[in-house]
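See structure below.
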Amino acid sequence: NITKIPDGGWVPLAVAGILFTVLTTWATGRKLMRNQLAESAMPLPVFINSAASVHRIRNTAVFMSASPDNIPSALLHNLKHNQVMHERVLIVTVLVAEIPYVDQDKRLEVRNAGHGFYRVIVNYGFMDEVDIPNALSGLTNIGEPFNIMTTSFFLGRQKFIVSKDHPGMMVWREHLFAWMMKSSESAMEYFKLPVNRVVELGSQMHL
C-alpha cells in the first residue's frame, strides 16, 4: 500500500492527519484549561466563610460550574469587581450520564450549603436536550420557588493569550485552540439561557 501514496494515497492520510491534529489539540487545550481553573479554584465552604460579610442584594444568581466541588471563576470575578452577592446563589453543574435519557425525577440534585448558597447538579443523558431554565423551574427547596424573571445567569468567558513562556502546547497549536474556542458554540446557547438574563464575565488565560 505504500506504493500507492504518491498516486493519491496521500489524500486520506492528509485528511486523517488534519482531523487527528484538530481533535488532539482541542482535547489537550481543554485539559490544560481545566487544570488551570482547578488550581485557582476555591472550595465552597471556604468561600462562604470568607464572604460572610459581603453585602447581599435581592433575587437569585445562577453560576454555571464545571466542577461540582469548587467555586466557578465567574463567582470570584463577580465578587471581586462588583463586591456584592445575591441573597440566593445557585452553583449549577451539568453532568451527562452514559445512558440515553435520565428520568425527570432524577434530573435535579440539590444541596443546601448554607448562607443562601445551593449546590445544584443537573443530570442529563447523552440524548437529552440540555435546557437549564426548564430544569431549574422544578426547584422548590431553595427557600422559594425558582422564578426566571428574578434570576441572573452568570457565565465565565476565557480569552486565551498565546505565549511562548508557558509550555502548555506548541505556539501554533495554542493559536489553533484559541481559534477553535472562539468559533465554538457559546455556553449561553448550549444551556438555552435567556439572552436578557445573562451576564458574562471575561478573563484572560495563558495556556
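The values are calculated or read from the model by the stated rules, or taken from the named source; none is laboratory data. These numbers were taken from a predicted model, which means no experiment stands behind them. No Cβ is skipped: glycine too gets one built from the backbone with ideal geometry, and neighbour counts run over all protein chains shown. When the accessible area is computed, the model is the full protein with side chains, heavy atoms only, and any ligands, DNA or RNA have been set aside. Shrake-Rupley method; radii C 1.70, N 1.55, O 1.52, S 1.80 Å.
Overview of values
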| quantity | calculated |
| --- | --- |
| Residue within the range 91-98 that is hydroxyl-bearing (Ser, Thr, Tyr), surrounded by 12 or more Cβ atoms within 10 Å (Cβ to Cβ) and over 17 Å from PRO145 (Cα atoms) present | yes |
| SER50 among the small types (Gly, Ala, Ser) and closer than 17 Å to VAL199 by Cα | no |
| Every pair of residues 6+ apart whose Cβ atoms lie under 8 Å, when the first sits in the range 131-144 and is hydrophobic (A, V, I, L, M, F, W, C) and open to solvent by 10 Å² or more (accessible area, probe 1.4 Å) while the second is part of a helix (DSSP H, G or I) and modelled with pLDDT of 90 or more | none |
| Search result, residues across the range 99-130 that are of a type in the set (Phe, Trp, Tyr) and loosely packed, with under 14 Cβ neighbours inside 10 Å | TYR101, PHE126 |
| Qualifying residue in the range 75-89 (condition: under 20 Å from GLY138 (Cα atoms) and not charged (D, E, K, R)) | yes |
| Options LEU76, LEU19, LEU37, LEU32: the member that is modelled with pLDDT of 90 or more, in a helix (DSSP H, G or I) and open to solvent by 30 Å² or more (accessible area, probe 1.4 Å) | LEU19 |
| Hits in the range 117-154 - residues which are closer than 20 Å to LEU79 by Cα, of a type outside the set (Val, Ile, Thr) and in contact with a Pro (Cβ under 9 Å, 6 or more places away or on another chain) | ARG119, PHE153, PHE154 |
| Complete set of residues in the range 79-89 that are assigned to a helix (DSSP H, G or I) and open to solvent by 80 Å² or more (accessible area, probe 1.4 Å) | LYS80, HIS81, ASN82 |
| Subset of the range 184-203 that is among the hydroxyl-bearing types (Ser, Thr, Tyr) and open to solvent by less than 80 Å² (accessible area, probe 1.4 Å) - its residue that is nearest to LEU76 (Cα to Cα) | SER203 |
| Residue in the range 41-58 that is in a strand (DSSP E or B), among the charged types (D, E, K, R) and surrounded by fewer than 12 Cβ atoms within 10 Å (Cβ to Cβ) present | yes |
| The range 56-90: number of residues that are within 20 Å of PRO145 (Cβ to Cβ) and not small (Gly, Ala, Ser) | 12 |
| Any pair with Cβ under 8 angstrom, 6 or more apart, that starts in the range 75-92 at a residue that is without any contact (Cβ under 8 Å) to a residue 40 or more places away in the chain and ends at one that is among the aliphatic types (A, V, I, L, M) and in a helix (DSSP H, G or I) | MET85/LEU79; VAL89/LEU75 |
| Complete set of residues in the range 59-72 that are farther than 19 Å from LEU201 by Cα and open to solvent by 80 Å² or more (accessible area, probe 1.4 Å) | ASP69 |
